[in-house]
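The values are calculated or read from the model by the stated rules, or taken from the named source; none is laboratory data. Values in this document were obtained by computation on a predicted structure and should not be read as measured data. Here the Cβ positions follow ideal geometry from the backbone for every residue, glycine too, while neighbour counts run over all protein chains shown. Please note that ligands, DNA and RNA were not included when accessible areas were found on the heavy atoms of the full protein model with its side chains. Shrake-Rupley method; radii C 1.70, N 1.55, O 1.52, S 1.80 Å.
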Amino acid sequence: MRRCMPYLLLGLALPVAAQSLQALPTDLTAFIQNYESCLHFSGEEPYDEERRAFLNEQIKQSCTGMETQRAILGKRYAEQPALLQHLHDRPPL
């Protein structure tokens, strides 16, 4: 049972994280999803040319314009510290 506990806790935390994203404005949610995708695909290993092309496309789709979007959202939510915290929690890549 002790071995299963971390997985059980993770399984309980994921729905909470998804619910908290649903409560955010859609533009901020899109930024967070792109940020997470950019971070993920940037860290993947391009072990062959097909994989390299796939990763490059995913990085292009998720990373392009990220800092411009961050600046726009920062201005838009400048008076809402709880929303700004989501930007501050994700440093520039």
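Annotations
- Of all the listed residues (Leu73, Leu84), the sole one being without any contact (Cβ under 8 Å) to a residue 24 or more places away in the chain and of a type in the set (A, V, I, L, M, F, W, C) is Leu84.
- Qualifying residue in segment 49-57 (condition: in contact (Cβ under 8 Å) with a residue 12 or more places away in the chain, open to solvent by 70 Å² or more (accessible area, probe 1.4 Å), at negative phi and touching a Pro at 6+ places or on another chain (Cβ under 9 Å)): no
- Residue within segment 27-45 that is surrounded by fewer than 12 Cβ atoms within 10 Å (Cβ to Cβ) and in a helix (DSSP H, G or I) present: no
- Checking Gln69, Gln58 one by one, the residue that is under 26 Å from Pro81 (Cβ atoms) and at pLDDT 95 or above is Gln69 and no other.
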